[in-house]
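Peer 1: Please find one structure pasted underneath; my questions will follow.
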Amino acid sequence: MGPKTTIRNVNILDLRRTREETFSRIGRLRNINMLLVSPETAPYLTGIPATNLNAVVEVPVDAELKTTLSELTLNADYLSSLSRPVFLLVCGRIYVDSDVSADLIASKIEGLAVLGKLFCPESIAGILQAKATLMLGKTIRYADDARLVSSSLSLDKGTLESLDDGTYLVVGRSLRVVEDLPQGLFEKKIRRLHVEGSILCRQDISIALKSRLDASRPFTLIPSGHRLIEGNLPLDSLSLGTLQRKKLFVLGDILLGEDVTASALDRAIERMAAMGIIICPEKLKDTVRGLCDMLENRTILTQGKLWYVDTDRQLRPDAFHSIDKKITIVVRGTLTLSPDVSPSLFLEHVEKIHNLGDIVCHAEQRSAVEERLGIREGSISEPRAQNDVERENEGPVLGPSNLLVL
């Protein structure tokens, strides 16, 4: 018999109809999200080594399998249209509408396996859980009269006016209330609120919103009078010239350029706050201190030139050739040090490196990187050795694949 096959990097591996002879030729299972077997084939798994196997689900071989690799919404129309009971296999969330009855669940769903959250009315939560072979995720039960929104939701005047008075609103992902609302409209329309994700809202609506939440959630307040800026906000002398005493609330980082002066910054901005980090030249620290609450805003003071890495970047020796000053590096993405960047070259040019992402460097470079580290919230790792890659590729391999049936 030749070398055995490694099956790896497969989202769903279906072995319900696989013959015993085929099982005997499988050498290893690696990085499998969900493995399907039938009562007949389950015994054949014995003795096959597996690494990073998330879940094994037993499904009858003759079941009508419906596979979803994202979100699935179940409503009465969909279930009524099925000609026979189905076994639902979902790698993602399931949202069950309030029009789905217990009788429909009983007659149309043979079984259920979910790698994700289940949102359903309270009245049918019991029968759904009874149908489940596997549930890797919590169940969110909501009142039968609630309004379910599966996506993220932005509540503005128009959206609120479209709701019935006293609505119980269930939001499957994040909620934003960032626009000014007429006095009392939110209180009139929203009786109760469940939000599964994070919440971003204006300060003036926060008390009413919190009083209606059925559970605490990550909460971000936009200070009164502040303009919301999505993402990062880079500011140089030219862009500052377009502002006049503005109050800014930035969801990402604020990056102040080397050419920004204290007087220009003070003329342009009255107050500022960032959910990320305020990155500014050291010469501006006193001005920045007057524009924001330093206890609530993280700040990085830079010396010399700023390198801001928010994607994947490789650092090579020639990057230093045209630089005649020290460098401050802020890593938000992945920074990989080329093997020919010597520790002495790195130490000579880098004043500080703040790691909020990933740094990939060789063992002999690591001590130099750590000597210059400021913020240490990211990871530091070594490149994968070539022999590790070759060893992984020894013998026949099946994968990667989203769905693999043998």
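Peer 1: For region 97-127, enumerate the residues that are among the aliphatic types (A, V, I, L, M), in a helix (DSSP H, G or I) and in contact with a helix residue (DSSP H, G or I) (Cβ under 6 Å, 6 or more places away or on another chain).
Peer 2: A102, L104, I105, I124, I127
Peer 1: Please go through region 192-220 and give me each residue that is among the polar types (S, T, N, Q), part of a loop (DSSP other than H, G, I, E, B) and closer than 19 Å to A143 by Cα, ordered by number.
Peer 2: Once the filter is applied, which keeps residues that are among the polar types (S, T, N, Q), part of a loop (DSSP other than H, G, I, E, B) and closer than 19 Å to A143 by Cα, region 192-220 yields only S216.
Peer 1: Might you check whether a residue that is touching a Pro at 6+ places or on another chain (Cβ under 6 Å) and of a type in the set (D, E) occurs anywhere in region 101-117?
Peer 2: Within region 101-117, one or more residues are touching a Pro at 6+ places or on another chain (Cβ under 6 Å) and of a type in the set (D, E).
Peer 1: Oh, and also: Within region 84-141, how many residues turn out to be closer than 17 Å to P60 by Cα and without any contact (Cβ under 8 Å) to a residue 12 or more places away in the chain?
Peer 2: Final tally of qualifying residues: 1.
Peer 1: Same structure, new question: Would you mind stating whether L181 is surrounded by 15 or more Cβ atoms within 10 Å (Cβ to Cβ), part of a loop (DSSP other than H, G, I, E, B) and over 21 Å from the mean Cα position of the chain (by Cα)?
Peer 2: Spelling it out, L181 is indeed surrounded by 15 or more Cβ atoms within 10 Å (Cβ to Cβ), part of a loop (DSSP other than H, G, I, E, B) and over 21 Å from the mean Cα position of the chain (by Cα).
Peer 1: Just to be sure before I move on: is P383 in contact with a strand residue (DSSP E or B) (Cβ under 9 Å, 6 or more places away or on another chain) and either assigned by TED's automatic domain parsing to the domain that holds C280 or more than 18 Å from I277 (Cα to Cα) (or both) in the structure I sent?
Peer 2: Against the criterion (in contact with a strand residue (DSSP E or B) (Cβ under 9 Å, 6 or more places away or on another chain) and either assigned by TED's automatic domain parsing to the domain that holds C280 or more than 18 Å from I277 (Cα to Cα) (or both)), P383 qualifies.
Peer 1: Could you grab me the full set of residues in region 127-148 that are of a type in the set (A, V, I, L, M) and closer than 28 Å to M34 by Cα?
Peer 2: Once the filter is applied, which keeps residues that are of a type in the set (A, V, I, L, M) and closer than 28 Å to M34 by Cα, region 127-148 yields I127, L128, A130, A132, L134, M135, L136, I140.
Peer 1: State whether one or more residues within region 267-275 are assigned to a helix (DSSP H, G or I) and either in contact (Cβ under 8 Å) with a residue 12 or more places away in the chain or among the aromatic types (F, W, Y) (or both).
Peer 2: yes
Peer 1: Which residues, counting only those in region 184-235, are surrounded by fewer than 18 Cβ atoms within 10 Å (Cβ to Cβ), under 25 Å from G166 (Cβ atoms), modelled with pLDDT of 90 or more and charged (D, E, K, R)?
Peer 2: Passing the criteria: E187, K188, R191, R192, D204, K210, R212.
Peer 1: State all residues of region 247-268 that are farther than 22 Å from C201 by Cα and β-branched (V, I, T); if no residue qualifies, say none.
Peer 2: Hits for region 247-268 are V260, T261.
Peer 1: Can you run down the residue pairs with Cβ atoms below 7 Å, 6 or more apart or on separate chains, where the first is in region 324-350 and part of a strand (DSSP E or B) and the partner is of a type in the set (D, E, K, R)?
Peer 2: Partner pairs satisfying both residue conditions: I327/K305; I327/E351; T328/E351; T328/K352; T334/D312; T334/D358; L335/R313; V350/R372.
Peer 1: Would you pick out the residues in region 138-162 that are farther than 16 Å from R173 by Cα and outside any loop (DSSP other than H, G, I, E, B)?
Peer 2: Matches in region 138-162: K157, G158, T159, L160, E161.
Peer 1: A further question follows. Only one residue in K131, K138 is within 16 Å of K66 (Cβ to Cβ), of a type outside the set (D, E) and either modelled with pLDDT under 95 or buried (at least 16 other Cβ atoms within 10 Å of the Cβ) (or both), so which one is that?
Peer 2: K131 is the lone residue from the list that is within 16 Å of K66 (Cβ to Cβ), of a type outside the set (D, E) and either modelled with pLDDT under 95 or buried (at least 16 other Cβ atoms within 10 Å of the Cβ) (or both).
Peer 1: Further question on the same structure: Among the residues of region 60-76, which ones are in a loop (DSSP other than H, G, I, E, B) and either modelled with pLDDT of 90 or more or on the phi > 0 side of the Ramachandran plot (or both)?
Peer 2: Passing the criteria: P60, V61, D62, A63, E64, E71, N75.
The values are calculated or read from the model by the stated rules, or taken from the named source; none is laboratory data. The structure displayed is predicted, hence computed values, not measured ones. Because the Cβ atoms are built from the backbone with ideal geometry, glycine has one as well, and the counts that use them run over all protein chains shown.
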